[in-house]
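Here's the structure we're looking at; comments come further down.
The values are calculated or read from the model by the stated rules, or taken from the named source; none is laboratory data. Nothing here was measured: the structure is a model prediction, and the numbers come from that model. We place every Cβ from the backbone using ideal geometry, glycine too, and count neighbours over all the protein chains shown. All accessible areas refer to the heavy atoms of the entire protein, side chains included, with ligands and DNA or RNA removed. Shrake-Rupley method; radii C 1.70, N 1.55, O 1.52, S 1.80 Å.
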Amino acid sequence: MKNLLIYSIKKMKIRTFLLAILGVTSLLSCENTLIEEPDYSVDASKVFSTEERAQLALQGALSQLEDGFWTNQGYHQLISCAGGFLYRPGSGHITEYNNFIFKDNQAWPENVWNSNYNAIYSLNVIIKYFEDNNPDFTALSPGYQKVLGTAYFLRGYEYFKLVRLWGDIPMPLEPAVGITHTPLSSEAVIYTSVINDFEQAKILLPAGTGIPSKYNGPLKSAADAFLAKVYATQAGWYNMPQLWEQAKIHADLAINSKNYMLLPSIATLHSPAGRNSEEAIFEMQANYSSNLNNLSQAYTPQALEVDIFGGYIRVQPWMWTRQLGDNLYSDFTKNASTGKITDVRDHDPRVDITYIDSTFTKINGSSSSVYPRAKWASGAYFYIAKYLDPNRTSSASIRNWKVLRYADILLLRAEIENELTGPANAFQYVNEVLDRARSNGKGTYPLSWDITKVSTKEEFRKKIAWERMYELIGEGHEFFEARRRGKDFLVNEFISVHNNFNDPVLASQYRTKETGDGIMHLVIPLSETSNNNSID
């Protein structure tokens with residue numbers, strides 16, 4: 001992996017200065033390699049000389065994730081269409097992502113790759129400093145422990161994200177000095193490192209109070225929540241059933257910490273008032289001063305709130321018909337000959353809260369029709385309503401990215417219990433989420449699950465996969481949720497729904513998703529394989 005240390009601090013804003021003193025690296029291809037002489041080097045002992053300075057250094061690294069386009073809005077644009085439940089209109093390489101055609105010369109994966117590795121190198125600087133200078137982490141002050149624990153937490157999160165996107169990848173755990181060439185590590189080795197990072201974070205992060213409170217950074221229980229996801233992902237994606245028990249242990253620790261709760265109102269959860277709520281386990285912060293982290297622009301249609309272009313990410317029409325065509329979620333009628341929904345009398349209120357569908361009124365008073373009212377081949381889509389922000393600008397919004405929240409862990413715990421013992425003891429967890437949803441509507445749908453409605457382990461496995469998308473769509477999980485039960489599940493349960501959809505027949509460029517062996521991971525960018533001498 002080719003990297004370059006840049007130390008210049010001339011005329012820098014404070015955030016850029018913080019990145020510079022961390023020795024942030026830029027991942028550059030041959031054509032773009034730029035050698036700069038440092039204006040002066042920075043003494044790391046001074047950077048970490050006080051808790052306040054260490055916290056600023058951590059914030060500099062975190063800002064690369066929160067404020068960077070390709071770690072935030074651009075990342076969502078890639079994984080939305082590469083995940084399958086959403087899509088991104090466009091041509092060329094964008095059409096390829098939509099259809100699960102992944103190549104080494106595609107621009108968006110390369111940008112996501114570079115930006116996330118930049119963040120990792122910044123975190124490595126923090127971790128390496130403390131590893132070299134404070135071998136007994138327990139002797140650190142609580143403030144320093146929180147800084148180091150958060151750095152481990154973020155690195156674990158980053159590698160967990162990248163290994164699921166690409167599989168075998170380079171795994172640098174040291175700061176970059178000059179140009180480095182890092183060999184590929186196997187998925188198994190990467191997962192071991194991810195677990196180690198989250199375990200270290202768990203030791204160092206604060207425990208929380210045991211009373212749900214506003215999000216103010218990750219806690220020990222957040223590390224447990226991610227460990228539950230890490231073990232469950234391996235168990236399902238790689239068919240390693242022995243890991244479901246480990247997933248259960250950590251999910252129970254997160255749940256039993258009592259640090260989190262389901263916010264009663266889903267509308268509040270997905271409004272600006274739901275920012276950093278008691279449901280948040282890990283949340284990326286957004287603000288009006290950053291010009292790259294605008295998820296509101298990515299998901300919200302133009303002229304709904306402000307007359308600024310947006311709505312790049314849209315929902316596949318079959319998500320609407322799938323949810324409202326399930327008698328656990330809707331009271332509906334279908335045409336006997338075509339099988340298409342003709343009437344919906346009552347339904348899961350999350351449809352109304354989560355989606356902008358059928359018709360919406362623009363700020364100029366005119367209306368715009370989307371699916372299911374609009375049914376033409378190239379216009380069968382609707383929008384996500386989770387990032388509305390009437391004060392957004394063309395480049396910034398205050399809507400946070402809810403990376404992990406409590407509902408996710410409850411649904412995961414239900415899935416884990418089903419795999420271990422079957423559905424009977426799993427209903428209690430999924431019903432907490434369904435009960436919350438039902439209380440936000442007329443009080444009937446979605447129905448609670450029980451053994452008469454979901455009677456087998458196999459049926460539960462399919463139902464919970466869809467339920468996770470009904471609850472979590474638009475929150476950055478789509479690529480992983482589609483794939484984490486393995487390729488056969490992806491093809492038979494999700495891709496088949498898309499490829500067989502006929503209400504209407506989709507435009508040719510979005511019609512058919514690939515089903516071959518290359519659909520499970522993105523391809524490492526050509527710029528990396530060409531310039532990294534340690535990759536064969």
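Tabulated data for the structure shown
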read-out	value
Which listed residue, of Phe501, Phe479, is open to solvent by less than 30 Å² (accessible area, probe 1.4 Å), of a type in the set (A, V, I, L, M, F, W, C), part of a helix (DSSP H, G or I) and touching a residue at least 24 places away in the same chain (Cβ under 8 Å)	Phe479
Of residues in the range 176-188 being touching a Lys or Arg at 6+ places or on another chain (Cβ under 8 Å) and open to solvent by 40 Å² or more (accessible area, probe 1.4 Å), the one nearest to Ser527 (Cα to Cα)	His181
Helices (runs of 4 or more DSSP H) wholly inside the range 249-340 that include at least 3 residues being at pLDDT 95 or above and hydrophobic (A, V, I, L, M, F, W, C)	266-269, 317-324
Some residue of the range 333-348 being within 23 Å of Glu478 (Cβ to Cβ) and in contact with a helix residue (DSSP H, G or I) (Cβ under 9 Å, 6 or more places away or on another chain)	yes
Ala267 in contact with a Gly (Cβ under 9 Å, 6 or more places away or on another chain) and crowded, with 22+ Cβ neighbours inside 10 Å	no
Which listed residue is among the aromatic types (Phe, Trp, Tyr), over 30 Å from Ala374 (Cα atoms) and either touching a strand residue (DSSP E or B) at 6+ places or on another chain (Cβ under 8 Å) or open to solvent by less than 20 Å² (accessible area, probe 1.4 Å) (or both), from Phe489, Phe460, Phe494	Phe460
Residue that is nearest to Leu295 (Cα to Cα), among those in the range 56-71 that are among the small types (Gly, Ala, Ser) and more than 15 Å from the chain's Cα centre (by Cα)	Ser63
Those residues of the range 495-536 which are of a type in the set (A, V, I, L, M, F, W, C), at pLDDT below 95 and more than 16 Å from Tyr381 (Cα to Cα), in sequence order	Ile535
Residue selected from the range 189-219 under the condition under 20 Å from the mean Cα position of the chain (by Cα) and β-branched (Val, Ile, Thr), by the criterion most open to solvent (accessible area, probe 1.4 Å)	Ile195
Some residue of the range 467-476 being touching a residue at least 40 places away in the same chain (Cβ under 8 Å) and on the phi > 0 side of the Ramachandran plot	yes
The listed residue being open to solvent by less than 60 Å² (accessible area, probe 1.4 Å) and assigned to a loop (DSSP other than H, G, I, E, B), out of Trp466, Trp449	Trp449
Which numbered condition Glu174 misses (of (1) touching an Asp or Glu at 6+ places or on another chain (Cβ under 8 Å); (2) under 16 Å from Leu123 (Cα atoms))	(1)
Close pairs (6 angstrom Cβ cut-off, 6 or more residues apart or separate chains): touching a residue at least 24 places away in the same chain (Cβ under 8 Å) and within 13 Å of Gly217 (Cα to Cα) in the range 269-286, acidic (Asp, Glu) and assigned to a strand (DSSP E or B) anywhere	Asn276/Glu283
Count - residues of the range 311-338 that are of a type in the set (Gly, Ala, Ser), under 20 Å from Trp376 (Cα atoms) and open to solvent by 40 Å² or more (accessible area, probe 1.4 Å)	0
Residue selected from the range 397-446 under the condition in a loop (DSSP other than H, G, I, E, B) and charged (D, E, K, R), by the criterion least open to solvent (accessible area, probe 1.4 Å)	Arg399
Of all residues in the range 39-94 being assigned to a loop (DSSP other than H, G, I, E, B) and touching a residue at least 40 places away in the same chain (Cβ under 8 Å), the one that is surrounded by the fewest Cβ atoms within 10 Å (Cβ to Cβ)	Ser91
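Condition check ((1) touching a Pro at 6+ places or on another chain (Cβ under 6 Å); (2) outside any helix (DSSP H, G or I); (3) modelled with pLDDT of 95 or more; (4) closer than 28 Å to Asn293 by Cβ) across all residues:
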| residue | (1), (2), (3), (4) |
| --- | --- |
| Glu96 | no, no, yes, yes |
| Val112 | no, no, yes, yes |
| Leu123 | no, no, yes, yes |
| Leu165 | no, no, yes, yes |
| Ala176 | no, yes, no, yes |
| Val189 | no, no, yes, no |
| Thr192 | no, no, yes, no |
| Glu199 | no, no, yes, no |
| Lys202 | no, no, yes, yes |
